[in-house]
Amino acid sequence: MSGFKPLDPLLHSQLRLAVVSLLLGVESAEFTFIKEKTGATAGNLSVQLDKLSEAKYIEVEKAFKGKKPVTTCKITKTGVEAFEAYVNALKGYIE
């Protein structure tokens, strides 16, 4: 296995990979949109967003619309670079 690049364990999770993939295609996305698109439970999604945020792959902003809390997520430059490296490493496994 010496020719294979290690895969980023943070992105190797199906849900975290789905979140990053979703955020690549939009400027930002609300928690409810990500939850709906991924089919994740609110609790699990919240934990995974925290992990991505801690790694600086995404930015999480909490605000209020009226009295309703709204969480918005946005991919960072670090997140884009990590995703590209992950995809390139995967290609090495396929080729």
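Got at least one residue in segment 57-73 being exposed (fewer than 14 other Cβ atoms within 10 Å of the Cβ) and within 14 Å of ASP8 (Cβ to Cβ)? Step through it out loud before you land on a result.
Residues of segment 57-73 exposed (fewer than 14 other Cβ atoms within 10 Å of the Cβ): 61-70.
Checking which are within 14 Å of ASP8 (Cβ to Cβ) leaves us with none.
Checking segment 57-73: not a single residue is exposed (fewer than 14 other Cβ atoms within 10 Å of the Cβ) and within 14 Å of ASP8 (Cβ to Cβ).
Out of GLU27, GLU54, GLU95, GLU81, which single residue is on the phi < 0 side of the Ramachandran plot, touching a strand residue (DSSP E or B) at 6+ places or on another chain (Cβ under 8 Å) and among the acidic types (Asp, Glu)? Spell out how you get there, then give the answer.
Working: GLU54 fails: touching a strand residue (DSSP E or B) at 6+ places or on another chain (Cβ under 8 Å); GLU95 fails: touching a strand residue (DSSP E or B) at 6+ places or on another chain (Cβ under 8 Å); GLU81 fails: touching a strand residue (DSSP E or B) at 6+ places or on another chain (Cβ under 8 Å).
The match here is GLU27.
FYI, it's all coordinate maths here, none of it is from the lab. Given the structure is predicted, the values throughout are model-derived calculations rather than measurements. So basically every Cβ, Gly included, is an ideal-geometry build from the backbone, and we count neighbours across all protein chains shown.
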